[in-house]
Amino acid sequence: MDWVFGDLPLHPLVVHLTVVLIPIAALTLVLAAVWPAARRRLGLLPPILALIALVLVPITTAAGTWLADRVGRTPLVDRHEDLGNSMLPWVIAMFVAAVAVWAWHKFFTKATGRVRLVGSVVLAVAAIAIAAGSVVTIVQIGESGATAVWTGNFSEDPVPAP
C-alpha cells in the first residue's frame with residue numbers, strides 16, 4: 001500500500017492529528033477519573049477519543065515505516081521508529097482505562113462506600129499514570145521525529161540566523 005494522500009506522504013499528515021489527540025484523550029481521561037462534574041459532562045468522550053487514538057497510532061506508525069523506507073534509514077530515523085512503536089501499548093492502556101472509568105461510574109454506582117471509594121481511587125491512579133506515560137511517550141516520539149527531520153538536512157552554507 002502506498003501511504004500517500006495526493007502527492008504527500010501520509011505520515012506527516014496523520015502524525016499531527018495523533019500528536020494532538022493523545023494528550024487531549026489523556027486529559028479527558030484524567031478529568032473523568034478524578035472530577036465527578038467533568039465526568040458527567042464528558043460522558044463517553046474519553047473512551048471515544050482513546051479509541052480514535054488507538055486506531056490512529058497503527059496507521060501513523062505504518063505510514064512512518066513506509067516513509068522511512070523511502071527517505072533512507074539513519075540512526076535518528078531508526079530511533080524515531082523504535083520510539084513510535086512504543087506508543088501502541090500506551091494507547092491500548094488508555095482506551096482500557098477510559099472504558100473502565102466510564103463503566104465503573106456508570107454501572108457500579110450501587111457499590112458500597114468503601115468498595116466504591118477504593119475502585120475510584122485505583123482507577124484514578126491508573127488513569128493518571130497511563131495519561132502521564134502516554135503524554136511523555138508522545139513528546140519523546142515527536143522530539144525524536146523533529147530531530148530526525150531537521151538534523152543534517154540543510155545545505156553546506158546555511159543562511160545565518162539573524
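The values are calculated or read from the model by the stated rules, or taken from the named source; none is laboratory data. Values in this document were obtained by computation on a predicted structure and should not be read as measured data. Because the Cβ atoms are built from the backbone with ideal geometry, glycine has one as well, and the counts that use them run over all protein chains shown. Just so you know, the surface numbers come from the protein's heavy atoms only, side chains and all, with ligands and any DNA or RNA stripped out. Shrake-Rupley method; radii C 1.70, N 1.55, O 1.52, S 1.80 Å.
Computed quantities for the displayed model
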item: Residue tally, condition within 18 Å of Ala146 (Cβ to Cβ), part of a helix (DSSP H, G or I) and either open to solvent by 40 Å² or more (accessible area, probe 1.4 Å) or of a type in the set (Phe, Trp, Tyr) (or both), over region 82-97; result: 2
item: Test result for Ile52, open to solvent by 60 Å² or more (accessible area, probe 1.4 Å) and either modelled with pLDDT under 95 or out of contact with any His (no Cβ under 9 Å at 6 or more places or on another chain) (or both); result: yes
item: Index of the failed condition, Arg73 passing every other in (1) at pLDDT below 95; (2) part of a helix (DSSP H, G or I); (3) surrounded by fewer than 15 Cβ atoms within 10 Å (Cβ to Cβ); result: (2)
item: Residues located in region 4-40, provided they are free of Cβ contacts under 8 Å to residues at least 12 places away in the same chain, assigned to a helix (DSSP H, G or I) and of a type in the set (D, E, K, R); result: Arg40
item: In region 2-30, the residues that are open to solvent by 30 Å² or more (accessible area, probe 1.4 Å) and touching a Pro at 6+ places or on another chain (Cβ under 8 Å); result: Trp3
item: Any pair with Cβ under 7 angstrom, 6 or more apart, that starts in region 76-88 at a residue that is at negative phi and ends at one that is at pLDDT below 95 and open to solvent by 60 Å² or more (accessible area, probe 1.4 Å); result: Leu76/Thr151
item: Restricting region 131-158 to residues that are loosely packed, with under 13 Cβ neighbours inside 10 Å and closer than 18 Å to His80 by Cβ, the residue that is modelled with the highest pLDDT; result: Val136
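This table checks each residue for (1) farther than 26 Å from Ala127 by Cα; (2) not hydroxyl-bearing (Ser, Thr, Tyr).
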| site | (1), (2) |
| --- | --- |
| Pro9 | yes, yes |
| Ala33 | no, yes |
| Ala38 | no, yes |
| Leu51 | no, yes |
| Pro58 | no, yes |
| Ala68 | yes, yes |
| Thr74 | yes, no |
| Asp78 | yes, yes |
| Trp90 | no, yes |
